[in-house]
Amino acid sequence: MKKIMLLMMLLPFMAAAQKSYTLSGNIPKLKEPAKAYLVTLQNGAWKETDSIEIKNGKFQFVGTVDEPQQALLAVKRLGTPKPKSDRDNLGFFIENSKISFNGTDSIQNATITGSVSNQESRALEALTKPLTNKIMQLNNKYSKYNKNPINAAPEERKKASDTVMNLVAEIKSIKLNFVKSHLNSFMGLYTFYYSILDSKFVPIEVEPLFNQFSAALKSSPLGTKTIEKIEIGKRRQTGIAATDFTQNDLDGKPFKLSSLRGKYVLVDFWASWCAPCRAENPNVVKAYTALKDKNFEIVSVSLDYPGSEKAWANAVKTDGMPWIHVSDLKGWKNEVAQMYGINSVPQNILVNPDGLIVAKNLRGENLLEQLKTFIK
């Protein structure tokens with residue numbers, strides 16, 4: 001029994017020890033000419049990595065990856081083009097191991113074996129999917145974008161909203177427990193990076209858990225990215241000095257954050273294309289109108305994209321925001337947003353006259369009241 005337990009504990013390491021992958025596919029009832037394509041997620045974009053002709057229902061890919069990563073196997077039947085709805089593909093986690101795909105006449109329902117990362121990912125998904133489905137059902141029922149909107153009373157909508165928030169919290173708790181029980185697993189670190197280090201994570205709370213991961217994982221490419229993300233997160237911690245920045249305003253003139261030293265400054269991250277941001281803007285306008293003569297200023301950093309100068313300027317004018325606006329028009333790659341680790345909008349930080357961050361993510365109809373606790 002002890003030997004079996006030891007073997008199970010070593011499985012992730014054994015998989016990681018192999019220096020290449022072999023992907024073997026078997027689709028015995030696929031009779032027409034077809035090709036298999038291996039697509040991997042690289043720097044946030046799907047890229048075709050390899051392709052091969054399927055012979056007698058079989059195909060094989062051989063290669064290496066630096067660490068496990070998301071991938072996609074796709075089968076394209078040659079001859080009569082298939083509509084997009086008939087695309088035959090299967091997502092999985094690729095790693096340096098022997099991975100088998102066994103289907104019947106397509107790849108999309110194939111059984112995957114041999115990838116520890118994929119097995120663990122599917123196990124986690126099985127735990128969270130019922131809760132995710134409930135969230136989707138509630139969103140579909142009450143969303144204003146629904147073709148057949150539910151004419152529900154405000155109390156009913158509030159109850160549904162609270163239910164969604166509770167379900168989201170439950171999902172995060174499940175993922176946190178998964179991380180704690182997979183400190184020697186790539187998927188544990190992957191879940192930590194993408195789920196625990198969300199847009200509102202507190203570095204001082206999550207860093208001790210990261211330090212419990214194995215040395216090999218902490219020094220891996222994803223481990224290095226995780227360290228960087230935590231360090232960037234520290235830049236928006238309350239109680240520390242706000243990192244200075246310079247970006248051009250709507251007139252193309254450089255503006256420097258530190259030029260407002262001596263004032264309370266709300267640094268607001270938003271974009272003209274962001275519906276929640278636009279919905280929040282009236283609250284920001286209300287707060288600015290009430291506090292603009294009380295040593296208070298707002299600097300809005302726009303995550304608009306290249307070529308969207310007019311859309312940015314029009315949104316500022318339409319929403320009536322008469323304060324400082326800056327952007328480098330690089331979208332999510334905005335240098336200030338990356339400096340502060342902003343990966344969702346709207347978000348903000350409040351900087352006091354001494355240049356220290358004293359609050360963050362102040363939002364909603366009571367924004368003014370929240371700001372008044374700092375600005376007398």
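The values are calculated or read from the model by the stated rules, or taken from the named source; none is laboratory data. As the structure is a computational prediction, the values presented were derived from the model and not from experiment. Note that we place each Cβ from the backbone using ideal geometry, even for glycine, and neighbour counts take in every protein chain shown. Quick note on the areas: whole protein, heavy atoms, side chains included, nothing else; ligands and nucleic acids left out. Shrake-Rupley method; radii C 1.70, N 1.55, O 1.52, S 1.80 Å.
Computed quantities for the displayed model
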item: Cα-based equivalent ellipsoid of the stretch 298-347: semi-axis lengths in Å, sorted from largest, via gyration tensor; result: 18, 13, 8
item: Nearest-10 value in Å² for the accessible area of D105, using the 1.4 Å probe; result: 80
item: Estimated [θ] at 222 nm from DSSP helical runs (n ≥ 4, -39500 (n - 2.57)) normalised by residues in the chain, nearest 500; result: -11500 deg cm²/dmol
item: Solvent-accessible ranking of M339, M187, largest area first, probe 1.4 Å; result: M339, M187
item: Efficiency of FRET between E369 and A126 - r from beta-carbon atoms, R0 45 angstrom, step 0.05; result: 0.55
item: q = 0.23 Å⁻¹: log10 I(q)/I(0) that the Debye formula gives for the stretch 250-376, counting C-alpha atoms only; result: -1.60
item: Magnitude of the charge dipole, the chain, Cβ model with Lys/Arg +1 and Asp/Glu -1, debye to 20; result: 700
item: Debye intensity ratio in log₁₀ form over the Cα atoms of the stretch 267-338, taken at each q of 0.13, 0.14, 0.29 Å⁻¹; result: -0.35, -0.40, -1.42
item: Coordinate range along principal axes, alpha carbons of the stretch 115-251, Å, largest first; result: 53, 53, 27
item: Calculated over the stretch 154-213: convex hull of Cα atoms, volume per residue (Å³); result: 79
item: Accessible area of the stretch 289-376 belonging to carbon and sulfur atoms, whole % at 1.4 Å probe; result: 53
item: For the stretch 175-328, Kirkwood radius (reciprocal of mean inverse C-alpha pair distance, Å); result: 18.0
item: Helix 221-234 axis, angle to the chain major axis (alpha carbon atoms, nearest 10°); result: 10
item: The chain - convex hull of alpha carbons, volume per residue in Å³; result: 195
item: Prolate/oblate/rounded label for the stretch 245-305 (Cα gyration tensor, a/c 1.5); result: oblate
item: Heavy-atom accessible area ranking, 1.4 Å probe, most first, across K286, K330; result: K286, K330
item: Net lengthening on full extension, K294/K98 (0.36 nm per residue, minus Cα-Cα); result: 64.0 nm
item: Accessible-area composition of the stretch 185-271, carbon plus sulfur, in percent [1.4 Å probe]; result: 52
item: Area accessible to solvent at K29, 1.4 Å probe radius, in Å²; result: 140
item: Antiparallel DSSP beta bridges within the chain, as percent of all bridges there, nearest 5; result: 75
item: Total lysine pairs under 25 Å (Cα atoms) in the stretch 252-317, excluding pairs fewer than 8 apart on one chain; result: 18
item: Accessible area per residue, Å², the stretch 275-376 with all protein chains present, probe 1.4 Å; result: 45
